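For reference, the structure discussed in these notes is given below.
The values are calculated or read from the model by the stated rules, or taken from the named source; none is laboratory data. In this text the structure is predicted, and so the values were computed from the model without any measurement. Virtual Cβ from ideal backbone geometry, glycine too; neighbours counted across all protein chains shown. What goes into the accessible areas is simple: the full protein's heavy atoms, side chains included, and nothing from ligands, DNA or RNA. Shrake-Rupley method; radii C 1.70, N 1.55, O 1.52, S 1.80 Å.
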Amino acid sequence: MKHAARRAFAVGLALLVAVAAVPKPPLRAGLSFSQAVCDREGHLLRLTLASDERYRLWVPLAEMAPDLVEATVLHEDRFFRWHPGVNPLSLLRAAWRTYVARDRRMGGSTLTMQLARIRYRIQSRTVGGKLAQVIRALQLERHYSKDEILEAYLNLAPYGQNIEGVGTASLVYFGKEAKRLTLQEALTLAVIPQSPAKRRMRAEAGSVHSRPYGQPARSRLIHRWLGEHAEAAKELDHLEHPMAVRGRSSLPFEAPHFVDALLQDDAARTDHLISTLDLRLQKLLERRVQGYVAEQRGIGIQNASALLLDFRTMEVLAAVGSAEYRDEAIQGQVNGYKARRSPGSLLKPFVYALAMDQGHVHPMTMLKDAPSSFRGFNPENFERDFEGPVKVRDALIRSRNVPAVQVGARLRDPDFYTFLRQAGVDLPLGPDHYGLAPILGGAEVTMEDLARLYAMLANEGTLQPLKTRRDQRSESTRRVLSPEATFLVLDILKDVPRPRQGYKPEWTRDSMPLYWKTGTSSGFRDAWSVGIFGQYVLAVWMGNFEGGGNPALVGVELAAPLFIRVIDALRPYAEEQGLVGPARIGRLTKVGVCALSGAIPTPQCPHVIQTWFIPGVSPIRRCEMHRQLETEAPWARDACSEELQVSRHAYEFWTTDLLEIFRQAGIPRRLPPAAKSPCTVDGSPDRGRPPRISSPVADLVYNVRLRETGEQPVPLNAVTDADASEVFWFADERFLDRAPVGSTLFWAPKAGTYVLRVVDDRGRSDSLVVHVALVE
């Protein structure tokens, strides 16, 4: 008897030493966990596997349904709150029934002991294993509170197959978070950990309605629950009714490209990622994209991407990376909204907005849509034609290329390249590489870049980063355009007509403004449409990921119809924001300008129209298009002497390049009569526009080949004002020749550097430096 007592004392002492000697055992450290990605309302988008191929989420105890917590304790360990981690009476009863009575095997483990077995992988079927389990349980009780132990157990307990923890089980079986479980669902889950292989829930093939295999244990727990909660008796029939359950195959795989990107950016491996995505809008966008792409496959178009955000919060609400994520034939796993592609004309609104801020133009400024060269860059319009004079407003609405480059070439501090860099667009090469090409899509951008830029227009010129997580902190913002310039550009974009629209938007009852633009990349590889509607910014791209060209890939013809379909589907959710309403006018004012030139009108301007001006910024230039001439009556000759009988008439003074476009189009203009003297109406001989050398081009090196026989001439051309009739060309101080306006003179220079000068017969001039080099 004494030996038994001593042995028991020694065992007890060893237990105490073991419990005291071992440092605080880890509960969560060293384990890998799944990640649950949810939409903004908590709907599961994806549940990932932990590194050991198990579904395991950690959910704080406070975020579990109280009924689940209570039911688990009631079923597993009713005395959990009172014992020190080990229940001696339960252990003795289990030992008697297992080893003495040889009855059904019992474990006698407390909830703490079960946690020790699960967490530290203890084989508790042997006496040594049971002893190790007891020691670990006592250590846990020594270092952790009851709530911490209960939280760890509920997060690590097995719930069938490779599903661990109530957070995972509630998502897999019921498609909801643990805090949203009903009493019926809580009682169902509570019985599984005791025998997960037998009591796990299985959904029948093709159905989510099935009776869990642990029904007898569940029934016992229900009656035990009623003993503690008599008021639940009225729900007995409901509690015992078979459950509607799901399986792992029912786990959602929503917004795959968006979730992939979110997980890739989450270096901290957050357990629960609550995204900004709106699953309702995501499905709406996916349906429209997939349906539209299916319609276009007959013409060789296989893919599309789209991005939808709320510009007020900059939260991404829906994102489609490809038409079908799982389709390898179309490279479906490529994320199209993060891919770098040519945007075509989509950057033109920002060229004009920046020019308005720098005082170069206002909406009614007249631009020249005529053959032009800009430091060797010779832009063409999409339609391969020229319109002649065109207002800023019309140039942007009709997406004319030459006027946009003409305006972009004037930008300074910042130029357009620097502006894009300041706006966060990644341009890997320097400005000399790109030149003016980014204005027409010559620099690749992402759909995210475009969405941010158009959202900046809606946010009065303030640039903000996109948000994809609800807990994402607001980063610093930056103003890159003035509120006035963004107002003026939006006021233009709202008048871009829908494709095949034969009516004005204001004719409809519900005419919420749509501010939008289309784009087509060079080579017909990309078709775009981006715009603002209500609180939304929507970007749409169509094409093929392998980058091949297709003549059908025209923004206004292919991307715009999909864009409009999505906009129409969003109409019930959109809220008018008044982007060009009275509250946004600020310091803008309206002034009268010449209807033809867009300049400040003179008495000779027959028509005046109103346009927005930015006070102190917008250009203030008197109209030079309309000038009054005094001519001898009735032969319409210039008169220099007031003693002659004269008549006064206003005429239009167009430059020669625009006059040529009018001539080709058969458009008559009121031109001044042929001049017979250098006198003008008000006696100022130098009034009017000086000539501008259009060929050769400044800053280019012209090569003359040594082995070439004969002359290698350089064409000389100049654009002149309408009152000039002849021009004179000089190379340095040497006179070359004279030529009628509008004609080409050919010059055969030797190697060297020359100052080339042209002077019209009114004494006005232009010059540039020309470099000529000899090459083999």
Ranked highest first by the average count of other Cβ atoms within 10 Å around their residues, in what order do 620-628, 745-753, 455-463 fall? 455-463, 620-628, 745-753
Applying the Karplus parametrisation 6.51 cos²θ - 1.76 cosθ + 1.60 with θ = phi - 60° to the phi angles of region 25-31, what ³J(HN,Hα) value in whole Hz is obtained for each residue in order, glycine and proline being reported as x? x, x, 9, 10, 4, x, 9
Residues whose modelled amide H sits under 5 Å from the amide H of Ala318, counting only those 5 or more places away in sequence or on another chain, are Asp278, Leu308
Ser145 label point, 7 Å along Cα→Cβ, cut-off 13 Å on backbone N: hits in region 41-82? 61-62
Quick note, region 518-594: a/c under 1.5 would make it rounded; otherwise a/b > b/c is prolate and the rest oblate (a ≥ b ≥ c, C-alpha gyration tensor); here it is oblate
Give the shape of region 307-438 as rounded, prolate or oblate, defined through the alpha-carbon gyration tensor: a ≥ b ≥ c are the square roots of its eigenvalues, a/c under 1.5 means rounded, and otherwise the shape is prolate if a/b is larger than b/c and oblate if not. prolate
When only alpha-carbon atoms count, how far does the chain stretch along each of its three principal axes, as whole angstroms with the largest first? 147, 66, 50
Per DSSP H run of n ≥ 4, the term is -39500 (n - 2.57); total these for the chain, divide by its residue number, and report the mean residue ellipticity at 222 nm rounded to 500 deg cm²/dmol. -8500 deg cm²/dmol
Considering only DSSP beta bridges with both partners in the chain, what is the antiparallel share in %, to the nearest 5? 85
Heavy atoms of Val701 accessible to a 1.4 Å probe, total area in Å² rounded to 10: 90
Taking all protein chains in place and a 1.4 Å probe, what share, in percent, of the accessible surface of region 293-430 do carbon and sulfur account for? 46
Dipole magnitude of the chain, debye to nearest 20 (Cβ charges: Lys/Arg +1, Asp/Glu -1, about Cα centre): 4800
Could you check the simple spin-label distance between Ala268 and Phe382, using points 7 Å along Cα→Cβ, in nm with one decimal? 4.5
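Per-residue counts of other Cβ atoms within 10 Å, averaged by peptide: what ranking do you get for 579-588, 477-486, 511-520, highest first?
Ranking, from highest mean packing down: 511-520, 477-486, 579-588.
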So, R0 is 30 Å and r is the distance between the beta-carbons of His223 and Arg93; what FRET efficiency does that work out to, to 0.05? 0.85
What ³J(HN,Hα) values, in whole Hz, does the Karplus curve 6.51 cos²θ - 1.76 cosθ + 1.60 give for region 445-456 when θ = phi - 60°, with x put for Gly and Pro? 9, 9, 4, 5, 4, 5, 4, 5, 5, 5, 5, 4
Per residue accessible area in Å² of the chain, where ligands, DNA and RNA are left out and the probe is 1.4 Å: 47
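Compute the length gained on full extension between Asp568 and Ala751: take 0.36 nm times their separation in residues and subtract their Cα-Cα distance, giving the result in nm to one decimal.
Additional length available on full extension: 59.5 nm.
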For Glu726, the residues 5 or more places away or on another chain with a placed amide H closer than 5 Å to its own amide H are Val741, Asp761
Per-residue ³J(HN,Hα) for region 49-62, Karplus 6.51 cos²θ - 1.76 cosθ + 1.60, θ = phi - 60°, Hz, x for Gly and Pro: 8, 6, 5, 9, 6, 10, 8, 8, 10, 9, 10, x, 4, 5
Taking placed amide H atoms and a strict 5 Å upper bound, the residues 5 or more places from Arg469 or on another chain that come that close are Thr276
Among 285-298, 391-404, how do they line up from the highest to the lowest mean number of other beta-carbon atoms within 10 Å? 391-404, 285-298
Prolate/oblate/rounded call for region 340-386, Cα gyration tensor, a/c under 1.5 rounded: oblate
Would you mind checking the pairs Lys179/Lys467; Lys179/Lys283; Lys348/Lys391; Lys283/Lys494; Lys391/Lys494; Lys24/Lys146 and listing those with alpha carbons more than 18 angstrom apart? Lys179/Lys467; Lys179/Lys283; Lys283/Lys494
Figure the gain on full extension for Lys590 and Ser695 (residue separation times 0.36 nm, minus the Cα-Cα span) and round it to one decimal in nm. 33.9 nm
